[in-house]
Amino acid sequence: MSKVIGIDLGTTNSCVAVIEGDKPVVITNKEGYRTTPSVVAFDKNKERLVGDLAKRQAAINPDRTFFSIKRHMGSSFTKKIDQKVYTPQEISAYILMKLKEDASNYLGEEVTDAVITVPAYFNDAQRTATKDAGKIAGLNVLRIINEPTSAALAYGLDNGQSQKILVYDLGGGTFDVSVIEIDDNTIEVLATSGDNHLGGDDFDERIVEYLIEEFKETHGINLAKDDAAKRRLYEEAENAKKVLSCATTANINLPFITQQKGQTYHLESNITRAKFEELCQDLVERTIPPVENALRDAGLSKNDINSVVLVGGSTRIPAVVNMVRQIMGQEPTRNINPDECVALGAAIQGGKLGNQLVPGSKASEILLMDVTPLSLSIETVGGISSRLIERNTTIPTRHSQIFTTAGNFQTSVDIKVFQGERKFTRDNKLLGNFRLSGIKRAAAGIPQIEVTFDIDANGIVNVSAKDLGTGNEQSITITSNDNMTEEEIAKAKWEAEIYGKKDEAYQGYIDSYNEATKAYNNAVNLLEANKKIWDKQKKKEVKRSLNDLKRALAKTKIDKLNSNIASNLDNLATELNSLV
Ligand code: AMP
């Protein structure tokens with residue numbers, strides 16, 4: 001067995017780690033970074049770009065770029081590009097394929113096995129979709145584990161004394177909170193809660209909305225209608241948000257944001273931390289109820305918690321830290337890298353499942369006990385959710401129930417399975433339907449069919465049934481529109497493999513294009529700022545050089561970039577830079 005890798009498949013960024021000796025280490029990607037943007041794009045030649053390369057070209061190719069695909073996992077979302085319909089599983093698979101390739105290069109051997117993390121609050125459909133993405137990427141997914149649990153595993157290795165911790169995990173698209181007990185060699189999740197649709201993306205969105213509103217007031221133009229402008233706004237909003245984590249004001253400067261009736265418009269603004277906090281106050285407050293629920297379900301109060309561990313990039317936002325400090329009444333721990341600890345924990349679990357840990361090492365002895373985040377129920381008369389397995393039950397777990405017929409000589413029964421905490425099934429997530437068929441003809445209430453629901457160590461639901469009258473096993477498949485069939489997975493895997501990936505040279509061409517655009521914008525700004533200072537001759541030379549570059553950029557088709565065009569852009573940009 002090759003080495004098992006641990007993958008944190010994040011909304012915004014992903015990270016991969018592996019065990020070396022008896023410690024997990026993060027694997028640096030081909031581009032030299034420790035995390036990889038979870039971005040996938042298709043250029044006009046239908047070639048696939050993943051990671052930094054996809055992110056860098058997003059502003060000029062917004063309709064063919066996928067961001068935050070994790071938000072759609074387990075849903076029926078699809079998007080058609082060049083006659084091909086892409087599912088979230090396939091897009092996630094392309095990210096996983098890149099991580100797998102980077103890990104294989106790093107280890108010098110083909111990687112085949114992985115542990116992948118998901119938000120603790122992911123439901124069955126989202127977990128199954130993640131596992132299917134792994135299969136499409138050609139990975140043998142040994143286990144799906146929860147992100148906060150994974151972080152606790154990494155944390156527990158370094159801070160092993162017995163304690164109860166609360167992991168507060170606010171990433172790019174999801175929020176999770178888990179209450180975890182670390183004992184000598186056991187990491188036991190006591191309760192978990194969260195919000196699958198809350199994360200850093202929402203904070204970016206608030207800044208974007210603010211800028212769009214401001215621009216509308218100043219210029220009467222609605223940037224929301226301009227896809228390319230919006231992509232640039234999102235990028236800049238995320239940067240401003242990060243700046244505001246350490247400074248009190250962030251400047252936002254987007255030259256040439258749009259063109260209307262031949263006139264070019266620039267966006268210049270600044271946003272203070274106080275304004276940002278005002279715009280996002282409700283988002284921060286939305287994390288309070290899950291914290292309270294998790295504590296209550298664990299039967300603990302905030303005073304029982306020894307450490308509060310912050311995970312996920314969005315916990316760098318000062319307003320988030322302040323809120324955590326306030327509700328927990330203690331200073332959160334910062335001695336763990338919020339971007340890497342999830343992948344590190346997954347690598348430990350991978351090493352354990354693959355028997356690749358040093359025998360007797362601390363990591364090899366840690367036992368992990370996780371819980372299911374949501375109750376499992378079936379629909380009974382009146383659309384009521386009848387609970388079979390309560391949330392926060394330790395997994396794996398199983399529950400059996402006897403079903404019978406309601407009518408005479410009925411030979412089949414339909415059963416609907418739901419996940420969620422609400423009383424009525426209409427408010428919960430339908431995992432799927434299944435039909436018990438082949439029941440022996442008999443009077444109503446006579447047949448006895450024992451149906452067993454089990455939630456495996458991945459948090460995924462499996463159903464089996466037995467006719468107690470005949471002892472026959474019934475085969476059952478839960479069918480849900482949002483899940484892929486084995487045939488669909490096999491086809492997607494084949495397509496993922498045959499689709500060529502962009503050669504590396506293209507990355508350089510995109511860089512040249514971006515650098516030239518930057519040089520152009522910079523020179524326009526400098527020319528304007530120095531119009532009273534520079535002499536006539538200098539202004540003339542800059543204008544000529546600007547025009548040359550402007551013409552070259554206008555002629556450039558992003559999908560037709562080649563080495564000649566790129567080096568021409570490089571030369572023109574260098575000349576312009578040397579003049580200003
Ligand atoms: P994760 O899913 O854990 O990789 O978190 C990614 C999210 O963290 C994205 O929304 C990032 O914009 C956000 N993030 C990363 N660094 C910072 C920072 N310094 N301040 C605020 N948010 C950040």
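The values are calculated or read from the model by the stated rules, or taken from the named source; none is laboratory data. Predicted model, so just to flag it, every value in this text is computed and none were measured. Cβ placement follows ideal geometry from the backbone for every residue including glycine, while neighbour counts extend to all protein chains displayed.
Here are some notes:
- Yes/no for Met323 being within 16 Å of the ligand (Cβ to nearest atom), in contact with a helix residue (DSSP H, G or I) (Cβ under 6 Å, 6 or more places away or on another chain) and over 21 Å from Ile366 (Cα atoms): yes
- Boolean, Leu157 is under 29 Å from Lys493 (Cα atoms) and either touching a Lys or Arg at 6+ places or on another chain (Cβ under 9 Å) or within 16 Å of the ligand (Cβ to nearest atom) (or both): no
- Selection within segment 326-343: residues that are acidic (Asp, Glu) and crowded, with 18+ Cβ neighbours inside 10 Å. The member of this set that is nearest to the ligand (Cβ to nearest atom) is Asp339.
- Taking every residue in segment 315-331 that is in contact (Cβ under 8 Å) with a residue 60 or more places away in the chain and closer than 11 Å to Glu285 by Cα and pairing it with any residue that is more than 14 Å from the ligand (Cβ to nearest atom) and part of a helix (DSSP H, G or I), at least 6 positions away or on another chain, the pairs with Cβ-Cβ distances below 9 Å are Val324/Val291.
- Comparison of Lys44, Lys80 shows that the only residue that is assigned to a loop (DSSP other than H, G, I, E, B) and either over 15 Å from Tyr234 (Cβ atoms) or away from the ligand (no atom under 16 Å from the Cβ) (or both) is Lys44.
- If you go through segment 405-434 and keep only what is touching a strand residue (DSSP E or B) at 6+ places or on another chain (Cβ under 7 Å) and either over 22 Å from Ser193 (Cα atoms) or of a type in the set (Ser, Thr, Tyr) (or both), you end up with Thr405, Ser412, Val413, Asp414, Ile415, Lys416, Thr425, Gly432, Asn433, Phe434.
- Matching entry among Ala240, Ala224, Ala229 (being within 26 Å of the chain's Cα centre (by Cα), closer than 21 Å to Ala59 by Cα and free of Cβ contacts under 8 Å to residues at least 24 places away in the same chain): Ala224
- Residue check, Asn530 surrounded by 13 or more Cβ atoms within 10 Å (Cβ to Cβ) and not charged (D, E, K, R): yes
- The single residue among Thr149, Thr130 that is closer than 15 Å to Pro373 by Cα, hydroxyl-bearing (Ser, Thr, Tyr) and crowded, with 24+ Cβ neighbours inside 10 Å turns out to be Thr149.
- Check on Ala457, under 26 Å from the mean Cα position of the chain (by Cα) and surrounded by 13 or more Cβ atoms within 10 Å (Cβ to Cβ): yes
- Residue selected from segment 211-262 under the condition part of a helix (DSSP H, G or I) and of a type in the set (Val, Ile, Thr), by the criterion surrounded by the most Cβ atoms within 10 Å (Cβ to Cβ): Ile212
- Residues of segment 291-320 satisfying the condition of being surrounded by 20 or more Cβ atoms within 10 Å (Cβ to Cβ), assigned to a helix (DSSP H, G or I) and away from the ligand (no atom under 13 Å from the Cβ): Val291, Ala294, Leu295, Ala298
- With respect to the stated conditions, Phe175 fails to be in the same structural domain as Gly329 (by the TED database) and out of contact with any helix residue (DSSP H, G or I) (no Cβ under 7 Å at 6 or more places or on another chain).
- Total residues in segment 8-17 satisfying the condition of being among the β-branched types (Val, Ile, Thr) and buried (at least 24 other Cβ atoms within 10 Å of the Cβ): the figure is 2.
- Residues of segment 83-94 that turn out to be in a helix (DSSP H, G or I) and in contact with a strand residue (DSSP E or B) (Cβ under 6 Å, 6 or more places away or on another chain), as a count: 2
- Some residue of segment 269-287 being hydroxyl-bearing (Ser, Thr, Tyr), free of Cβ contacts under 8 Å to residues at least 12 places away in the same chain and away from the ligand (no atom under 16 Å from the Cβ): no
- Exclusive hit being touching a strand residue (DSSP E or B) at 6+ places or on another chain (Cβ under 7 Å) and in the same structural domain as His72 (by the TED database), set Ile187, Ile207, Ile221: Ile187
- Some residue of segment 129-150 being within 16 Å of Gly6 (Cβ to Cβ), in a loop (DSSP other than H, G, I, E, B) and away from the ligand (no atom under 15 Å from the Cβ): yes
- Qualifying residue in segment 339-348 (condition: out of contact with any strand residue (DSSP E or B) (no Cβ under 9 Å at 6 or more places or on another chain) and in the same structural domain as Ala151 (by the TED database)): no
- Taken together, Ile69, Ile91, Ile95, Ile60 contain a single residue that is on the phi < 0 side of the Ramachandran plot and in contact with a Pro (Cβ under 6 Å, 6 or more places away or on another chain), which is Ile69.
- Yes/no for Leu99 being surrounded by 24 or more Cβ atoms within 10 Å (Cβ to Cβ) and either assigned to a helix (DSSP H, G or I) or more than 14 Å from the chain's Cα centre (by Cα) (or both): yes
- When His266 is tested against (1) in the same structural domain as Thr192 (by the TED database); (2) in a strand (DSSP E or B), just one condition goes unmet, and that condition is (1).
- From the list Ala125, Ala120, Ala137, Ala151, the one residue that fits, being within 18 Å of Thr11 (Cβ to Cβ) and out of contact with any strand residue (DSSP E or B) (no Cβ under 8 Å at 6 or more places or on another chain), is Ala137.
- Of all residues making up segment 1-41, the number that are part of a strand (DSSP E or B) and either within 16 Å of the ligand (Cβ to nearest atom) or under 24 Å from His197 (Cα atoms) (or both): 13
- Residue within segment 529-547 that is touching a Phe, Trp or Tyr at 6+ places or on another chain (Cβ under 8 Å) and either over 16 Å from Ile60 (Cβ atoms) or modelled with pLDDT of 90 or more (or both) present: yes
- Residues (over 15 Å from Phe418 (Cα atoms) and either part of a strand (DSSP E or B) or touching a residue at least 40 places away in the same chain (Cβ under 8 Å) (or both)) located in segment 452-471: Asp456, Ala457, Asn458, Ser464, Ala465, Lys466, Asp467, Leu468
- Restricted to segment 270-290, and to residues there that are of a type in the set (A, V, I, L, M, F, W, C) and farther than 17 Å from Asp195 by Cα, the residue that is surrounded by the most Cβ atoms within 10 Å (Cβ to Cβ) is Phe276.
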